[in-house]
């Protein structure tokens, strides 16, 4: 059983609310874009960069709970939308 829609025949029959709905922009893109792909590699460079920021690092974190990688910090890198800008070590030298 189909239902007929009572659509207005011309623009003069539209209410203000209907006009606003028709002229409103619909944003379908996400505000934040992923920086890492589903494997944890950076999308822009394809690099498998550790969260400490060192290019040669084999992984200096505990194994990730989700992907078991040693290169994830406190959150898994898979499809992550942010990255560390700086890393500060609070080590004591004697």
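Please treat every number below as a calculation from the coordinates, not as lab data. Just so it is clear, the structure is predicted and the values come from calculations on it, not from any experiment. Positions of Cβ are backbone-derived with ideal geometry, glycine not excepted, and every protein chain shown enters the neighbour counts.
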Mean projected area (nm²) of the alpha-carbon convex hull when the stretch 47-94 is viewed from all directions: 4.2
Proxy reagent accessibility, fewest Cβ within 10 Å first, across 74, 61: 74, 61
Cβ density ranking, 10 Å radius, fewest first, applied to 34, 69 yields 34, 69
For 26, 43, order by how many other beta-carbon atoms lie within 10 Å, fewest first: 26, 43
